[in-house]
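Peer 1: Below is one structure. I have some questions about it.
The values are calculated or read from the model by the stated rules, or taken from the named source; none is laboratory data. Note that this is a predicted model, so its numbers are computed, not measured. Note: ideal-geometry Cβ built from the backbone for every residue, glycine included; neighbour counts use all protein chains shown. We work out accessible area using only protein heavy atoms, side chains counted, and drop any ligands, DNA or RNA first. Shrake-Rupley method; radii C 1.70, N 1.55, O 1.52, S 1.80 Å.
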Amino acid sequence: MMMPEGDVMRQAEVADVEAAAVLCKEFADDSVYFPLELPVALKEARELIRNRQLWVYYMAMPDGRQELASIVACTRTSENVAAITKVYTNPLCRSRGCAERLVRRVCEFWLKEAGRQFVVLFVAHENEPAEKVYNHVGFEGLRGRTAEGVEDWLEIGFSGT
């Protein structure tokens, strides 16, 4: 999937904190269990960026400005596994392939550049929009479909992971 001219995807930087915090808050607001107030979302975004755990996708808008379209966080890694723990797309930028391109890039980083053997997802069951993105990227065992060698869950951090 080609990236449109003017779009940018990369690991997040300090300059991304405020925009990333808004998307972190919106991600949390989608959950009845873990809502965040903006000051807490700012703290979360700062920590994700400081720990180099957040990736961003900026979309070129018709008026020439860059809009933070999607974020992907990998907050749990081990010697062999990286876990994508957060994927969120700005409602203004949905259905344009931003999340798919960013998830692909993050997987490429962990598998090819960082040398992990596996990338796993933390995704709620019945999250159809997310599962559609992950299916397009190549993840298996989603939407109630079984796949050989794919588990419903994997605890990251224990010996052998």
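Peer 1: Run the reach check for LYS132 against lysines, Cα to Cα strictly under 29 Å, same-chain hits fewer than 8 apart removed. What comes back?
Peer 2: By straight Cα distance, LYS132 reaches LYS25, LYS86, LYS112.
Peer 1: Let me have the relative contact order for the range 1-104, percent, based on Cα pairs under 8 Å that are six or more residues apart. Can you show the working numbers first?
Peer 2: On the way: 169 pairs, mean separation 27.3, N = 104.
Dividing the mean separation by the residue count of the range 1-104 yields 26 percent.
Peer 1: Still on this structure, please answer the following. Looking at PRO91, LEU102, ALA114, which one has the Cα that reaches farthest to the positive end of the dipole of the range 1-129 (charges on Cβ: Lys, Arg +1; Asp, Glu -1)?
Peer 2: Going by the charge dipole, the pick is ALA114.
Peer 1: Once phi is turned into θ = phi - 60°, what whole-Hz ³J(HN,Hα) does the Karplus curve with 6.51, -1.76 and 1.60 give for every residue of the range 8-15, x standing for Gly and Pro?
Peer 2: With the stated coefficients, the range 8-15 comes to 9, 9, 5, 5, 5, 10, 3, 5 Hz.
Peer 1: Which of rounded, prolate, oblate describes the range 1-148, given a ≥ b ≥ c as roots of the alpha-carbon gyration tensor eigenvalues and a/c under 1.5 marking rounded, otherwise prolate only if a/b is larger than b/c?
Peer 2: rounded
Peer 1: Largest first, how would ARG65, ARG10 line up by accessible area (1.4 Å probe)?
Peer 2: Final ranking, largest accessible area leading: ARG65, ARG10.
Peer 1: Taking a 1.4 Å probe, which of MET59, MET2, MET9 shows the most accessible area, and what order do the others take after it?
Peer 2: Largest accessible area first, the residues go MET2, MET9, MET59.
Peer 1: Is the range 18-79 best put as rounded, prolate or oblate by its Cα gyration tensor, with a ≥ b ≥ c the root eigenvalues, rounded for a/c under 1.5, and otherwise prolate when a/b is larger than b/c, oblate when not?
Peer 2: oblate
Peer 1: So for LYS86, LYS43, what's the accessible-area order with a 1.4 Å probe, most first?
Peer 2: Ranked list, largest accessible area first: LYS43, LYS86.
Peer 1: I've got another one for you. By DSSP, what percent of the beta bridges with both residues in the range 1-119 are antiparallel, rounded to the nearest 5?
Peer 2: DSSP beta bridges in the range 1-119 are roughly 90 percent antiparallel.
Peer 1: Same structure again: By the gyration tensor of its Cα atoms, with a ≥ b ≥ c the square roots of the eigenvalues, what is the shape of the range 49-120: rounded for a/c under 1.5, prolate for a/b over b/c, or oblate?
Peer 2: Verdict is prolate for the range 49-120.
Peer 1: Which value, in Å² rounded to 10, gives the accessible area of TYR88 with a 1.4 Å probe and all protein chains present?
Peer 2: 20
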